[in-house]
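Enquirer: Dropping the structure in here first, questions after.
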Amino acid sequence: ALASAATQADDLKPYPPAAPGFQRLVIRLPEVAQPDERKVELLFSQTREIDCNRHSIGGNLVSKIAEGWGYPYLVLERLGPGIATRMACPPDQPLRRMAVPIRSQPAELAWVRYNPKLPIVVYVPDGVELRYRIWSAGAETPAVNQ
């Protein structure tokens, strides 16, 4: 267990420490057969007090390279004020505390290549939560007919 912890600490050496007001989050993926047939989707959210409308927050996601190492990492630089539908909520309905999704721009950066050899390192503002989903290709590859 100690060797594993040391290895995990070593794999973060290329990456800078989190800036003030940010946290560094790390995803380590397990070895799998055929990793090229998988993708990792990053899902950002922030807990807020919201009304009955559907809410989301805009975020600026940037890809950077660890200086001197060449390893990629992501930074969720800025969060927008949030947007919501404008339905009239019942006047007696209380606000609820919920995770509001952050729609990162550009959206394609939220899809990361499945690579169990390197950690996925993401810097997010304090208070932002990161979850992820692993997507895999089906075994079937149908042909396109004309």
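Enquirer: Restricting the search to the stretch 102-146, which residues are in a loop (DSSP other than H, G, I, E, B), in contact with a Gly (Cβ under 9 Å, 6 or more places away or on another chain) and not charged (D, E, K, R)?
Expert: none
Enquirer: Condition check: in contact with a Lys or Arg (Cβ under 7 Å, 6 or more places away or on another chain), assigned to a strand (DSSP E or B) and of a type in the set (Asp, Glu). Does Glu77 satisfy that?
Expert: no
Enquirer: Out of the stretch 124-145, which residues are among the hydroxyl-bearing types (Ser, Thr, Tyr) and within 12 Å of the chain's Cα centre (by Cα)?
Expert: Hit for the stretch 124-145 is Tyr132, nothing else.
Enquirer: Can you name the number of the only condition in (1) open to solvent by 50 Å² or more (accessible area, probe 1.4 Å); (2) modelled with pLDDT under 95 that Arg24 fails?
Expert: All conditions pass for Arg24, except number (2).
Enquirer: Right, next: Of all residues in the stretch 105-146, which are in contact with a Ser or Thr (Cβ under 8 Å, 6 or more places away or on another chain) and either open to solvent by less than 30 Å² (accessible area, probe 1.4 Å) or basic (Lys, Arg) (or both)?
Expert: Correct list: Ala110, Val128, Arg131.
Enquirer: Looking only at the stretch 90-126, which residues are over 25 Å from Arg38 (Cα atoms) and out of contact with any Leu (no Cβ under 9 Å at 6 or more places or on another chain)?
Expert: Pro90, Pro91, Asp92, Gln93, Pro94, Leu95, Arg96, Arg97, Met98, Ala99, Val100, Asp126
Enquirer: When you go through Gly59, Gly68 one by one, which is the residue that is modelled with pLDDT under 95, open to solvent by less than 60 Å² (accessible area, probe 1.4 Å) and either under 25 Å from Gly127 (Cβ atoms) or not in a strand (DSSP E or B) (or both)?
Expert: Just one listed residue meets the conditions, Gly59.
Enquirer: Would you point out which residue out of Glu49, Glu77 is more than 21 Å from the chain's Cα centre (by Cα), among the charged types (D, E, K, R) and either modelled with pLDDT of 95 or more or more than 30 Å from Ala139 (Cα to Cα) (or both)?
Expert: Among Glu49, Glu77, only Glu49 is more than 21 Å from the chain's Cα centre (by Cα), among the charged types (D, E, K, R) and either modelled with pLDDT of 95 or more or more than 30 Å from Ala139 (Cα to Cα) (or both).
Enquirer: What is the residue count in the stretch 91-101 for residues that are outside any strand (DSSP E or B) and either surrounded by 11 or more Cβ atoms within 10 Å (Cβ to Cβ) or in contact with a Cys (Cβ under 7 Å, 6 or more places away or on another chain) (or both)?
Expert: So the count comes out to 2.
Enquirer: Report, ordered by the first and then the second residue, all pairs with beta carbons closer than 8 Å, sequence separation of six or more or different chains, a first member in the stretch 39-63 that is free of Cβ contacts under 8 Å to residues at least 40 places away in the same chain, and a second member that is surrounded by fewer than 16 Cβ atoms within 10 Å (Cβ to Cβ) and part of a strand (DSSP E or B).
Expert: Close Cβ pairs (under 8 Å, with a partner that is surrounded by fewer than 16 Cβ atoms within 10 Å (Cβ to Cβ) and part of a strand (DSSP E or B)) amount to Asn53/Ala84; Arg54/Ala84.
The values are calculated or read from the model by the stated rules, or taken from the named source; none is laboratory data. The structure presented is a predicted model; accordingly, all values stated were derived computationally and were not measured. All Cβ positions, glycine included, derive from the backbone under ideal geometry; neighbour counts span all protein chains shown. Ligands, DNA and RNA are stripped out before the accessible areas are found, and what is left, the full protein with its side chains, is counted by its heavy atoms. Shrake-Rupley method; radii C 1.70, N 1.55, O 1.52, S 1.80 Å.
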